[in-house]
Amino acid sequence: MNWHYPRVIAHRCGGALTPENTLAGLGLSARLGFRAVEFDVMLSADGIPLLIHDETLERTTNGAGSVAELSWGALSKLDAGIKHHRAFTGEILPTLQQTLDACRSLGLAANIEIKPASGHEVETGTVVARQVLAYTRDWPEVSLLFSSFSEAALAAALQEAPELPRALVTRVVPLDWRSRLQRLECLALHCSARYLQPDQAAEIAAAGYPLVCYTVNLPEDAARLFAIGVSAIFTDRLDLFDPRL
Ligand code: G3P
Ligand code: MG
């Protein structure tokens, strides 16, 4: 179980130049030379995994209400581009399946952040892991990593697809980070850059675990993080970073 971390990963498929969590973002990430993307996956009411960050539709789409209460049939009619800029009118909410196909054809590695709606943690971890495991059996060349803030979702992914790599996402580095990673058989910790202390980064690096920070939108902040032992960063600002760092 392993995953190669490039130094810079496109966060939410790159959320500054293109609408977040969309196929437009994937396309631009690849055209700019990024090697890996991160995106958020939630379930529709009828159990279809799709890319969206918020539990509600208002911020990023022309819809309203809760993702978990709408069928894929309803969600598939929404526009996920127009709120970013009218130039992206017609951009869809992608399914996980469409996204994996796009990553494969574009040669992008993918960090699939399992983002369950509240109360759907185990179901989301199970459904996403099952679908991704089936996908990797057909397309073993696609490089995929699960992550989640939800330990219940990660435990479900571990049970469903133990051979696929996992990372735990936290805001603050917890004191018991090592035992949490061990319990969920995670290969890395993803944490907020905002709260990270240099001694925490040093401790994690010394233990041999990749430490990956979100969301880093200034190259000087990335340089400071790399200097204290951070392995990689997630950024929205594909225009400000050298993708081959
Ligand atoms: O997976 C890293 C990062 O995306 C976690 O925060 O809220 O942007 O999904 P968020
Ligand atoms: Mg995310």
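Qualifying trypsin sites (Lys or Arg not before Pro) in the stretch 137-219, where qualification requires a DSSP coil assignment and no more than 13 other C-beta atoms within 10 Å, comprise 171, 194.
Each part gets one Cα centre, and for the stretch 78-104 versus the stretch 215-245 those centres are 25 Å apart. Computed over protein heavy atoms with a 1.4 Å probe, the accessible surface of the stretch 60-137 works out to 44 Å² per residue. For the stretch 21-74 and the stretch 159-206, write down the distance between their C-alpha centroids in whole Å. Answer, in whole Å: 25. Rolling a 1.4 angstrom probe over the protein heavy atoms with all chains in place gives the stretch 152-213 an accessible area of 45 Å² per residue. For the stretch 40-94, trypsin sites (Lys or Arg not before Pro) meeting the loop criterion (DSSP other than H, G, I, E, B) and having at most 15 other Cβ atoms within 10 Å: 59, 77.
The fraction of accessible area contributed by carbon and sulfur in the stretch 94-245 is 51 percent, rounded to a whole number (1.4 Å probe; ligands and nucleic acids excluded). For the stretch 176-245, GluC sites (Glu not before Pro) meeting the loop criterion (DSSP other than H, G, I, E, B) and having at most 12 other Cβ atoms within 10 Å: none. Considering only 65, 32, 94, the residue lying farthest towards the positive end of the dipole of the stretch 31-101 is 32, judged by Cα position with unit charges set on Cβ. The sum of -39500 (n - 2.57) across all DSSP H runs of n ≥ 4, divided by the residue count of the chain, sets its helix-only mean residue ellipticity at 222 nm to -9500 deg cm²/dmol. Would you work out if the stretch 29-154 is rounded, prolate or oblate? Take a ≥ b ≥ c from the square roots of the eigenvalues of the alpha-carbon gyration tensor; rounded if a/c is under 1.5, else prolate when a/b is larger than b/c, oblate otherwise. Oblate is the answer for the stretch 29-154, as a/c is 1.5 or above yet b/c matches or exceeds a/b.
Highest mobility in the GNM of the chain, judged by mean-square fluctuation with C-alpha springs under 10 Å and restricted to 27, 90, 119, is found for 119.
The values are calculated or read from the model by the stated rules, or taken from the named source; none is laboratory data. Since this is a predicted model, take the numbers as computed values, not measurements. All Cβ positions, even for glycine, are placed from backbone atoms using ideal geometry, and neighbour counts span all protein chains on display. For accessibility, only protein heavy atoms count, side chains too; no ligands or nucleic acids. Shrake-Rupley method; radii C 1.70, N 1.55, O 1.52, S 1.80 Å.
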